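First comes the structure, then the notes that go with it.
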There are 2 protein chains.
Amino acid sequence: MKTRVTNLLGIKLPIIQAGMIWCSGWELASAVSNAGGLGIIGAGSMYPEILVQHIESCQKATDAPFAVNLPLLYPAIEQHIESIIRLKVPIVFTSAGNPKTWTPALKAAGITVVHVVSSAKFAKKAEAAGVDAIVAEGFEAGGHNGREETTTLCLIPAVVDAVNIPVIAAGGIADGRAMLAAMSLGAQAVQVGSRFVASNESSAHLNFKNAVVQAKEGATHLGLKKLVPVRLLDNPFAQQVRALELEGADANQLGTLLGHGRSKKGMFQGNLEEGELEIGQISAIIDEILPAKEIVENLWAEFKNARKQILSWHVLNS
Amino acid sequence: MKTRVTNLLGIKLPIIQAGMIWCSGWELASAVSNAGGLGIIGAGSMYPEILVQHIESCQKATDAPFAVNLPLLYPAIEQHIESIIRLKVPIVFTSAGNPKTWTPALKAAGITVVHVVSSAKFAKKAEAAGVDAIVAEGFEAGGHNGREETTTLCLIPAVVDAVNIPVIAAGGIADGRAMLAAMSLGAQAVQVGSRFVASNESSAHLNFKNAVVQAKEGATHLGLKKLVPVRLLDNPFAQQVRALELEGADANQLGTLLGHGRSKKGMFQGNLEEGELEIGQISAIIDEILPAKEIVENLWAEFKNARKQILSWHVLNS
């Protein structure tokens, strides 16, 4: 399937695996890229030398394009940028920061740059900064989240109307029906996170993968809003956050509770009581751990099937 | 277009106008029904004798099916039910309450019953109570809202998978792209609220209609969560709510601030400072007041156009 995004990134299917801290190393990224989508290494939880290892391993494991996700507020950002350019990573997804700062350097090195936003306002700023495409991520997404709380259904048409560069939809997409829905709204590809957390190749701890599979409707909430809003799976830590917030706790108190290393403890080390577990609302309908290749194949098959349903609508479908 | 919902309700287009307090009287309901959709009289803000007048006026204004929306917690519910049965209203949309209580009486009178929910769990309960269809309404919707905060994109597939009766999608739908997206997820029709608030026939005060047209991205937030969560347009009242909530105010304090008559003051009397203004996130992309007929026609034309785009995807669409 050809869309503006498959053309831009040189991929077969308009399916992109989100770059997620603690969950998406080279094993997942290369598996998704080998399956025809775009795999992304999540650099936000990697020391500079670890990112280099993951890039090199990914290059050995696939000949297809892959990307690195780079949170722009990362403390050792210069080292990450240097490695990405030196190792000729073809595509970078940037997030959490100002796209003006690093886009020119990445573009000058021949790298395709995609920036993640949660509003049409920031989509326009990213376009002005020279990025090649936008990921527009809705309120239902796992992890860090916009203050406007705009959902994917409301966000995608607003962003599509606001910019001329192609838009990738993220947040709430774990099956082919949602993929078709996002593309009906004008997205040229989808970015899928939670579904790939529960994959064989994800570097998430098995305890966390199992928790994602077991998550039911209403099991995630946006928390830490006075710090940086983040969608968390309910667990004893998230309940502590909630209790504090209901009492009106300020950013300092929340920061003290959060401390350091909570996300590693939860998602990578599997401590389901004390760890921070970042996952999307759509975890409610994810019910098994699958190989990444099968996830891509399922998305594609379901998408084609949903499209056929739409084509059949001129006849009675009761 | 034939879907399970158009068949059930006897309408031409799978477009349903939401029954909204202070905004949807007989003028709006009959205009939508005459345009081929389903118009709904919002009984939640009407005294019993007022509802009777609206039903009778609607019957004079249209030969097409129309419905009444009935919040089941309404204090004089018995009188509303009696009027609906006596005047042979063909369809009732119930919300905000237990569908077990009144569904049997309405069904016994030959009335089609549709119940509004915000979770798959309550969709199953409504199905078990004998309703004919479900409206599944996501987090982005205006007015009262579910505690799980599940967005339309995540909610619709979950509800479609949970029940056998047909599902109508609500929340975030104001144009034909979103209509196609909702139906890609498995919905058999859409319910549209905010877009019809800003219609000529809406009984909303012109000040409120203008405020909806001017609303930008991020202009609504879910508030009063410790009472009943409700999506409000930001205004001085909503800012007061927010400030109290950030301080950890309890339900009593919020109830005291809310007082009585706030929604009438805002939406019907046009007091944009002190009134409660209930509207959906999608108000951000609504930019003019239109006749209801034109809104229905636009939705339908945009839907068909979006569907054509999907059909064209086998070729390059850059």
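Every number here is computed from the coordinates shown, using simple stated rules; none is lab data. Remember, predicted model here, so these are calculated numbers, not experimental data. Neighbour counts run over all protein chains shown; Cβ positions are idealised from the backbone, glycine included.
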Taking a ≥ b ≥ c as the square roots of the eigenvalues of the Cα gyration tensor of the stretch B:73-192, is the shape rounded (a/c under 1.5), prolate (a/b larger than b/c) or oblate?
prolate
Surpassing 32 Å at the alpha-carbon level, of the pairs A:Lys293/B:Lys2; A:Lys124/B:Lys209; A:Lys216/A:Lys265; A:Lys304/B:Lys293; A:Lys125/A:Lys225; B:Lys216/B:Lys304, are A:Lys293/B:Lys2; A:Lys304/B:Lys293
With the label 7 angstrom out along Cα to Cβ, how close does B:Asn207 come to the same site in each of the other copies, in nm, nearest first?
5.6
Taking every other residue with Cβ under 14 Å from the Cβ of B:Ile168 and scoring Lys and Arg +1, Asp and Glu -1, one gets -2
The stretch B:58-88 scanned against label point 7 Å out from B:Ala108 along Cα→C-beta; backbone N under 18 Å for B:77-88
How far is A:Asn98 from the same spot in each other copy, in nm, shortest first, if each label point sits 7 Å from Cα toward Cβ?
5.8
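Could you work out [θ]222 nm for chain A from helices alone, using -39500 (n - 2.57) per DSSP H run of at least four and dividing by all its residues? Round to the nearest 500 deg cm²/dmol.
-12000 deg cm²/dmol
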Which value results for Rg/Rh of the stretch A:4-65 when Rg is the Cα radius of gyration and Rh the Kirkwood radius based on the inverse mean 1/r?
0.98
Residues with amide H under 5 Å from that of A:Ala189, placed H, sequence gap 5 or more
A:Ala169
FRET efficiency for B:Lys304 and A:Lys60 from the Cβ-Cβ distance with R0 = 60 Å, rounded to 0.05, comes out at 0.80
For chain B, give me the percentage of DSSP beta bridges that are antiparallel, rounded to the nearest 5 percent.
20
Output the Kirkwood hydrodynamic radius of the stretch B:173-216, Cα pairs only, in Å rounded to one decimal.
11.6
Provide the net charge surrounding A:Ala198, with neighbours chosen by a C-beta distance below 12 Å and charges set as Lys +1, Arg +1, Asp -1, Glu -1.
-2
Antiparallel DSSP beta bridges within the stretch A:163-281, as percent of all bridges there, nearest 5
60
Identify, for chain A, the residue whose C-beta comes nearest the rotation axis onto chain B, and round that distance to whole Å.
A:Gly248, 1
Most mobile of A:Asp161, A:Asp234, A:Asp287 in a GNM of chain A (Cα contacts under 10 Å)
A:Asp161
Shortest-first nm distances, A:Arg86 label point to equivalent points in other copies (7 Å, Cα→Cβ):
8.5
Everything considered on the Cα gyration tensor (a ≥ b ≥ c; rounded for a/c under 1.5, else prolate if a/b is larger than b/c, else oblate), the stretch B:213-282 must be described as oblate
Setting aside same-chain residues fewer than 8 positions from A:Lys121, which aspartates and glutamates have a Cα under 12 Å from its Cα?
A:Glu148, A:Asp161, B:Glu217
Pair B:Asn98, B:Asn7: separation of 7 Å Cα→Cβ label points (nm):
3.3
Antiparallel as a % of all DSSP beta bridges within the protein assembly as shown, to the nearest 5?
20
Taking alpha-carbon centroids only, the stretch A:82-145 lies from the stretch A:13-46 a number of Å equal to 16
If one puts a single equal scatterer on every Cα of the protein assembly as shown and applies the Debye formula without solvent, what log₁₀ I(q)/I(0) results at q = 0.08, 0.09, 0.10, 0.12 Å⁻¹?
-0.56, -0.70, -0.86, -1.22
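Evaluate 2.2 N^0.38 Å with N set to the residue count of chain B, then give the Cα radius of gyration divided by it.
Dividing the Cα radius of gyration by 2.2 N^0.38 Å gives 0.95.
Rounded to the nearest 0.05, what FRET efficiency is calculated for B:Ile85 and B:Asp250 with R0 set to 45 Å and r the Cβ-Cβ distance?
Working from the Cβ atoms, E equals 0.65.
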